[in-house]
Amino acid sequence: MSVVKRTIRIEEQGREASRATGAWLQRVKRLQSVFGLAVIITLASVLCVRNGENLFLNPVNLANVVRAVSENGIIAVGMTLVILVAGIDLSVGAILGLTATVAADLMMHKHFGTLGTVLAVLLIGALIGLLNGAVSTKLSIQSFIVTLASMSIARGIARFWSGGTGIPITYGNEPNLAPVSYSLLSERIAGIPVPAICFIGISIVFAALLRYTRFGRYVYAIGGNETASRLSGIRVTRVKIAVFTICGVLSAAAGLIHAAQLNQGSPNDGIGYELNAIAAVAIGGTSLSGGIGTIPGTVVGALILGVLDNMLGLLNVNNNLQMVFKGLIIIAAVVLQRKK
Amino acid sequence: MGQDAVLTLDGIRKSFGNVHALKGARLELRKGEVHALMGENGAGKSTLMNILQGAVGDYEGEVFLSGKKVDIRAPLDARRLGIAKIHQELQLVPELSVAENIFLGREPRTRLGTVDFKRMYRETQPYLEALELPVKETAKVGGLRLGEQQLVEVAKALSLHARILIMDEPTSALSESETRKLFQVIRRLSAEGVSIIYISHRMEEIFELSQRITVMRDGEYIATVNTREVTKDDLVQMRVGRAVSDLYPFRETSAGPVMLEVERLTFHPPAGSARKRLQDVSFAVREGEVLGIAGLMGAGRTEILECLFGMHPGHTSGVIKVKGTEVRIRSPLEAIRHKLSFVTEDRKGQGLVLGRPIGENMTLPLLRQLSRWLFLRFRDEENECRKQMESLKVKATSPATVAGTLSGGNQQKVVLARWLMMNPDVLLLDEPTRGIDVGAKAEIYQLIHRLAEQGKSIIMVSSELPELIGNCDRIVTVCEGRVTGEFMRAEATPEKLLSAATFRSEPACQS
Ligand SMILES: Nc1ncnc2c1ncn2[C@@H]1O[C@H](COP(=O)(O)OP(=O)(O)OP(=O)(O)O)[C@@H](O)[C@H]1O
Ligand SMILES: [Mg+2]
């Protein structure tokens with residue numbers, strides 16, 4: 001751990017300590033990021049009006065927002081766990097690209113059914129995550145470095161696998177077409193996009209995991225003080241490997257959804273997704289030095305980013321300027337998070 | 001207000017949420033005096049000093065320096081006014097060297113603007129020499145022992161050439177001889193006109209050093225007295241609000257069967273580690289017995305406990321037997337499974353997850369028992385925690401209180417609570433009363449006594465010889481990683497223990 005990081009952590013814990021005297025204070029804190037989201041939603045619904053028609057609050061648009069948020073959101077949930085144990089995972093975008101490509105290839109060229117594809121792809125995600133965790137803990141290399149390497153490896157494999165081009169997905173019952181049931185991932189159920197349902201489900205499961213289970217406790221304890229955790233009999237290495245594996249699986253799940261959304265699996269997709277996920281986690285109030293943060297926070301963080309993107313798009317802001325705005329908002333959101 | 005008061009604090013109030021840490025605290029400091037500040041755990045001593053040092057900006061009340069009203073809102077204000085503080089919880093950067101830590105933020109520069117390391121190292125030396133601290137200026141602080149780190153904090157404070165020096169439990173991790181050296185330095189400083197505020201739970205030190213004493217209780221000012229005019233009992237009465245009798249409970253030694261046996265424990269620390277070697281350490285503890293380990297700092301006392309607890313697998317050899325059967329302990333988890341528990345001396349680094357609630361801190365090793373399948377049983381957990389908090393008198397509103405907000409002594413109690421909760425057979429205690437006030441100390445001694453009566457074995461390391469002699473049935477002395485003597489309670493005296501523990505380079509120690 002770097003000097004700066006260690007000092008920051010000490011400061012943060014001090015600050016955290018003086019702030020969070022009671023559960024109610026915590027609750028106010030959580031409300032704060034919800035407040036940020038409310039501000040941005042209000043902005044969007046006030047600004048995006050054309051010819052008396054509200055473009056943002058239009059149901060179709062809202063569904064689009066949630067759908068767009070889902071991919072990043074699912075990855076960000078995994079990223080939250082990794083960051084809580086004071087790690088980082090840069091390989092998530094590459095895993096998404098690789099798994100989307102593999103999913104398309106398996107269905108179009110290898111006669112895999114939907115279930116087989118889903119399982120195989122999740123397994124690939126798990127494997128990469130497992131390696132990330134195992135290499136960084138067993139060889140004690142910082143996860144930043146390890147996942148930087150696996151990002152390159154996964155991306156390389158994806159391009160090699162497909163010869164560098166995207167594999168289009170067309171549905172049908174013939175052998176060389178993807179099974180129709182896979183397209184469910186881009187459908188809606190009761191008007192809600194399936195990716196959004198997946199995102200909501202995953203968020204609930206992992207929020208509960210952190211809050212109600214032993215595993216969740218261990219995650220927070222390890223992020224807060226690894227030595228103390230080890231001395232308390234926690235199998236630190238195991239928990240960390242599990243966390244990285246979960247992050248890999250969730251990235252693969254995002255890859256499956258991505259392929260269904262675009263009707264293709266492209267090895268060049270998902271570039272920069274790791275940064276979006278980290279941004280969502282940070283906006284959601286999770287401390288990058290570990291031990292502090294929640295899934296609901298991350299969900300709100302992902303929503304803030306998504307609504308922002310959508311709003312700037314509806315306002316026809318220049319693409320490049322959009323990036324500038326996004327950067328500024330990230331800083332503002334994190335600062336807002338901190339202030340009392 | 002005395003004429004020669006260099007510093008006066010009056011009507012200081014401070015609340016953290018609904019915790020009123022200070023409710024009108026007062027303190028008057030004269031030039032060149034050593035002024036002791038006393039009070040139970042959580043009385044507000046550290047908070048008051050944090051205010052003085054500028055670490056707590058928003059408080060109510062007035063601060064006068066040499067009769068002039070001043071405003072201290074940030075650490076820099078305090079430094080400018082000539083106030084320096086040695087922290088109770090060490091605030092050093094582990095990855096930096098001793099010299100870099102001492103000069104952190106005000107490093108000497110060369111003409112090119114880069115750090116002038118040569119000058120920095122040169123200027124560090126006198127401080128290390130004054131404290132007779134045998135470490136290199138270039139050594140990484142993280143590799144030093146807790147006691148050595150504490151002296152580096154002292155050196156850092158000295159280097160600020162402050163007019164007012166605050167020492168918050170500076171000796172809690174020091175050995176006898178280091179404490180002596182520190183006292184010499186304190187006396188010299190006070191002769192030079194530096195005023196010192198000295199916080200300690202050790203009565204002897206306060207009587208030896210201080211001219212005046214201010215007592216606090218529950219965030220309030222109780223009294224300021226001349227040290228010569230009071231007795232220990234007066235002070236205890238003032239601090240606790242009641243008398244504490246019988247510091248060390250009497251107990252018949254009841255020798256049960258052997259619980260834990262250690263044969264030829266040898267430990268070769270990995271290269272670059274600051275841990276000390278152990279060579280052929282053998283001893284045994286019986287059920288219901290309290291075994292003390294005495295030795296100077298760096299003798300290997302902590303290492304013995306660490307090796308028993310499986311913290312150095314792969315570097316340790318020797319045989320460990322629990323209840324007669326040989327066991328292999330290759331991790332803390334395995335140690336816990338054999339019902340060993342370990343209260344470490346460094347509660348901040350190795351003990352607590354400061355950002356989490358104390359309840360979570362207490363139940364960490366016990367979660368398997370406290371959950372059904374994967375899910376935590378919150379109600380049982382809370383009940384367990386409340387029970388322990390009550391029995392150890394932890395001063396906190398609920399198990400949900402964040403550990404980092406407790407006073408130093410109460411944090412120590414939380415660590416103790418954790419390891420008692422798992423109902424261990426063998427309790428390894430490394431400086432268990434570090435930073436704990438008399439009242440609580442007596443409680444912890446009672447506790448040790450009770451545990452021994454329940455048939456548990458206790459191995460206790462302490463730098464306070466009276467504490468060892470008062471509590472232990474038997475004491476072994478170690479020196480440079482070897483056992484150099486063994487004394488039954490009846491024959492142990494501080495002099496005998498000290499001479500056995502300082503065999504040092506004499507042949508007896510080598511053989
Ligand atoms: N940052 C904080 N947030 C909330 N409560 C705090 C904080 N700092 C201190 N307190 C509370 O203020 C009270 C006084 O604490 P303080 O550390 O000043 O005690 P102390 O006299 O130094 O005790 P000890 O002898 O144990 O070190 C305690 O009840 C403590 O829990
Ligand atoms: Mg204190």
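The values are calculated or read from the model by the stated rules, or taken from the named source; none is laboratory data. Nothing here was measured: the structure is a model prediction, and the numbers come from that model. Reconstructed Cβ throughout: ideal geometry from the backbone, glycine too, with neighbour counts over all protein chains shown. What goes into the accessible areas is simple: the full protein's heavy atoms, side chains included, and nothing from ligands, DNA or RNA. Shrake-Rupley method; radii C 1.70, N 1.55, O 1.52, S 1.80 Å.
Among the listed residues A:GLN322, A:GLN337, which satisfies the condition of being polar (S, T, N, Q), modelled with pLDDT under 90, outside any loop (DSSP other than H, G, I, E, B) and within 20 Å of the chain's Cα centre (by Cα)? Full working, then the answer.
Details: A:GLN322 fails: within 20 Å of the chain's Cα centre (by Cα).
Matching residue, one of A:GLN322, A:GLN337: A:GLN337.
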Review point. Identify, please: which residue in the stretch B:387-405 is within 16 Å of ligand 2 (Cβ to nearest atom) and small (Gly, Ala, Ser) and is, among those, least open to solvent (accessible area, probe 1.4 Å)?
Key: B:ALA403
Check your understanding: Do you know which residues across the stretch B:308-355 are out of contact with any helix residue (DSSP H, G or I) (no Cβ under 8 Å at 6 or more places or on another chain) and at the interface with chain A (Cβ under 7 Å from one of its Cβ atoms)?
Key -> B:LEU333
Exercise for review: Give the residue, chosen from B:GLY61, B:GLY39, B:GLY54, B:GLY67, that is within 13 Å of ligand 2 (Cβ to nearest atom) and of a type outside the set (Ser, Thr, Tyr).
Suggested key: B:GLY39
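Picking from A:ILE204, A:ILE200, A:ILE167, A:ILE192, which residue would you name as being of a type in the set (A, V, I, L, M, F, W, C), in contact with a Ser or Thr (Cβ under 8 Å, 6 or more places away or on another chain) and at negative phi? First the steps, then the outcome.
Values: A:ILE204 fails: in contact with a Ser or Thr (Cβ under 8 Å, 6 or more places away or on another chain); A:ILE200 fails: in contact with a Ser or Thr (Cβ under 8 Å, 6 or more places away or on another chain); A:ILE192 fails: in contact with a Ser or Thr (Cβ under 8 Å, 6 or more places away or on another chain).
The match here is A:ILE167.
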Practice item. Exactly one condition in (1) farther than 27 Å from A:SER289 by Cβ; (2) in contact with a helix residue (DSSP H, G or I) (Cβ under 6 Å, 6 or more places away or on another chain) is not met by A:ALA126; state its number. Key: (1)
Review point. Just one of the numbered conditions (1) in contact with a helix residue (DSSP H, G or I) (Cβ under 6 Å, 6 or more places away or on another chain); (2) part of a helix (DSSP H, G or I) is not true of B:GLN184; which one?
Key: (1)
**Study point:** Unmet criterion (only one of (1) open to solvent by 40 Å² or more (accessible area, probe 1.4 Å); (2) at pLDDT 90 or above; (3) in contact with a Lys or Arg (Cβ under 9 Å, 6 or more places away or on another chain); (4) under 24 Å from B:MET167 (Cβ atoms)) for B:PRO126
**Key:** (3)
Exercise for review: Return yes when A:SER203 is among the polar types (S, T, N, Q) and within 10 Å of chain B (Cβ to nearest Cβ) and no when it is not.
Suggested key: no
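Residues that are without any contact (Cβ under 8 Å) to a residue 60 or more places away in the chain and open to solvent by 10 Å² or more (accessible area, probe 1.4 Å), at least 3 per element: which strands (runs of 3 or more DSSP E) completely within the stretch B:267-376 meet that? Let's see the steps before the verdict.
Numbers: elements: B:278-286, B:290-294, B:316-322, B:325-327, B:340-343.
Counting at least 3 such residues, we get B:316-322, B:325-327.
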Study note, to complete from the structure: In the stretch A:148-174, anything in a helix (DSSP H, G or I), open to solvent by less than 60 Å² (accessible area, probe 1.4 Å) and closer than 25 Å to A:SER186 by Cβ is listed as A:ALA154, A:ARG155, A:ALA158, A:SER162
Exercise for review: Determine which member of the set A:ILE197, A:ILE234 is within 14 Å of chain B (Cβ to nearest Cβ) and either touching a strand residue (DSSP E or B) at 6+ places or on another chain (Cβ under 7 Å) or open to solvent by less than 30 Å² (accessible area, probe 1.4 Å) (or both).
Suggested key: A:ILE234
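If you scan the stretch B:187-196, which residues turn out to be open to solvent by 10 Å² or more (accessible area, probe 1.4 Å), within 20 Å of B:LEU27 (Cα to Cα) and either free of Cβ contacts under 8 Å to residues at least 40 places away in the same chain or of a type in the set (A, V, I, L, M, F, W, C) (or both)?
Narrowing the stretch B:187-196 to residues open to solvent by 10 Å² or more (accessible area, probe 1.4 Å): B:187-194.
This time we only want the ones that are within 20 Å of B:LEU27 (Cα to Cα), so: B:190, B:193-194.
Scanning the stretch B:187-196 gives a single hit, B:VAL194.
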Exercise for review: Could you name every one of the strands (runs of 3 or more DSSP E) located completely within the stretch B:417-511 that has at least 2 residues being open to solvent by 20 Å² or more (accessible area, probe 1.4 Å)?
Suggested key: B:482-488
Review point. If B:ALA173 passes every condition in (1) surrounded by 18 or more Cβ atoms within 10 Å (Cβ to Cβ); (2) more than 16 Å from ligand 2 (Cβ to nearest atom) but one, which one does it miss?
Key: (2)
Check your understanding: Just to be sure, is B:LYS339 at pLDDT 90 or above and among the basic types (Lys, Arg)?
Key -> yes
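Would you kindly identify the strands (runs of 3 or more DSSP E) lying entirely within the stretch B:1-95 that contain at least 3 residues that are more than 14 Å from ligand 1 (Cβ to nearest atom)? Step through it out loud before you land on a result.
Working: elements: B:5-16, B:19-30, B:34-38, B:60-65, B:68-70, B:83-86.
Per the criteria, B:5-16, B:19-30, B:60-65, B:68-70.
Which residue out of B:LEU90, B:LEU52, B:LEU37, B:LEU29 is buried (at least 17 other Cβ atoms within 10 Å of the Cβ), of a type in the set (A, V, I, L, M), within 14 Å of chain A (Cβ to nearest Cβ) and touching a residue at least 12 places away in the same chain (Cβ under 8 Å)? Before you say what the answer is, go through the steps one by one.
Details: B:LEU52 fails: within 14 Å of chain A (Cβ to nearest Cβ); B:LEU37 fails: within 14 Å of chain A (Cβ to nearest Cβ); B:LEU29 fails: within 14 Å of chain A (Cβ to nearest Cβ).
Exactly one of B:LEU90, B:LEU52, B:LEU37, B:LEU29 is buried (at least 17 other Cβ atoms within 10 Å of the Cβ), of a type in the set (A, V, I, L, M), within 14 Å of chain A (Cβ to nearest Cβ) and touching a residue at least 12 places away in the same chain (Cβ under 8 Å), namely B:LEU90.
Give the residues of the stretch B:102-122 that are assigned to a helix (DSSP H, G or I) and open to solvent by less than 70 Å² (accessible area, probe 1.4 Å), sorted by residue number.
Start the filter on the stretch B:102-122 by keeping residues that are assigned to a helix (DSSP H, G or I), which leaves B:102, B:117-122.
Matches in the stretch B:102-122: B:ILE102, B:MET120, B:TYR121.
Per-residue answers, yes or no, for (1) touching a residue at least 60 places away in the same chain (Cβ under 8 Å); (2) within 16 Å of ligand 1 (Cβ to nearest atom); (3) closer than 21 Å to B:LYS232 by Cβ; (4) open to solvent by 10 Å² or more (accessible area, probe 1.4 Å):
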{"residue": "B:ALA139", "(1), (2), (3), (4)": "no, no, no, yes"}
{"residue": "B:ALA157", "(1), (2), (3), (4)": "yes, no, no, no"}
{"residue": "B:ALA162", "(1), (2), (3), (4)": "yes, no, no, yes"}
{"residue": "B:VAL185", "(1), (2), (3), (4)": "no, no, no, no"}
{"residue": "B:TYR198", "(1), (2), (3), (4)": "yes, yes, yes, no"}
{"residue": "B:MET203", "(1), (2), (3), (4)": "yes, yes, yes, yes"}
{"residue": "B:GLN211", "(1), (2), (3), (4)": "yes, no, yes, yes"}
Check your understanding: Quick check: anything in the stretch A:294-312 modelled with pLDDT of 90 or more and assigned to a loop (DSSP other than H, G, I, E, B)?
Key -> yes
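This table checks each residue for (1) closer than 26 Å to B:SER200 by Cβ; (2) within 13 Å of ligand 1 (Cβ to nearest atom); (3) not in a strand (DSSP E or B).
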residue	(1), (2), (3)
B:GLU381	no, no, yes
B:CYS385	no, no, yes
B:GLN388	no, no, yes
B:LYS395	yes, yes, yes
B:SER398	no, yes, yes
B:GLY404	yes, yes, yes
B:GLN411	yes, yes, yes
B:VAL414	yes, yes, yes
